[in-house]
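A short worksheet on the structure shown next.
The values are calculated or read from the model by the stated rules, or taken from the named source; none is laboratory data. Predicted, not measured: the structure shown is a model, and the values here were computed from it. We place every Cβ from the backbone using ideal geometry, glycine too, and count neighbours over all the protein chains shown. Accessible surface areas use protein heavy atoms only, side chains included; no ligands, DNA or RNA. Shrake-Rupley method; radii C 1.70, N 1.55, O 1.52, S 1.80 Å.
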Amino acid sequence: MLSKKIEKALNNQIVLEGTSSNYYLAMASWAESEGLNGAAEFLYAHSDEERIHMVKLMRFINDRGGKAIVPALKEPASKFKSLAEVFDIIHEHEIMVTSEINKVVDICLSEKDYTTHNFMQWYVAEQLEEESLAKHYVDKLRLIGGDKGGMYLFDRELSTAKMQQGNQHGK
Ligand code: OFO
């Protein structure tokens, strides 16, 4: 049985995962409208991944006798200056999500809830991958700068890039 404190922390995390999914969806839509089809593919897929992260939390809460809440989400930004800006935002966002996940892990330890602590380790590993992937693309875009040929190749690379976490964790 989940303590109220843990249930609340997990429901807060649901809000964040849902927010992430929405952010990526808005970015995907922007990229698609800009003709950045590879980036759009990548971001649509990432949005789906984040929704899976949200639902995974919901099912865990309900399974353990708590009550998962489907959150109302704010409308995300829909205009971006460039793909470089999009990936800067993603990187910062994922750093923030990591720190929120670490807080949930701290609460698990203080509540001596080792089952939820164990469950949260999946998210800890996930964040490590997401942060490093985002950083990798931020660095690449910085190198590309305003080079159109480089941007074309980058967009093409994204169209084949899979969100590694989905594959590695067997979702
Ligand atoms: Fe759910 O991993 Fe990003 O936010």
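A few points about this structure:
- Helix-only CD estimate at 222 nm, as mean residue ellipticity for the chain, using -39500 (n - 2.57) per DSSP H run (n ≥ 4): -27500 deg cm²/dmol
- FRET efficiency estimate (nearest 0.05) - Cβ-Cβ, Lys135 to Glu34, R0 35 angstrom: 0.95
- Rounded accessible area of Val70 (nearest 10 Å², 1.4 Å probe): 110 Å²
- Dipole magnitude of the chain, debye to nearest 20 (Cβ charges: Lys/Arg +1, Asp/Glu -1, about Cα centre): 480 debye
- Accessible area per residue for the stretch 7-162, computed on protein heavy atoms with a 1.4 Å probe, is 53 Å².
- The mean sequence distance of close C-alpha pairs (under 8 Å, at least 6 residues apart), as a share of the length of the chain, puts its relative contact order at 30 percent.
- Split the accessible area of the chain by element, probe 1.4 Å, and carbon with sulfur accounts for 54%.
- Radius of gyration, Dmax [the chain; alpha carbons; angstrom]: 17.1, 56
- By the rule of a C-alpha distance below 28 Å, with chain neighbours fewer than 8 residues away ignored, the lysines paired with Lys56 are Lys4, Lys5, Lys8, Lys67, Lys74, Lys103, Lys112, Lys135, Lys162, Lys171.
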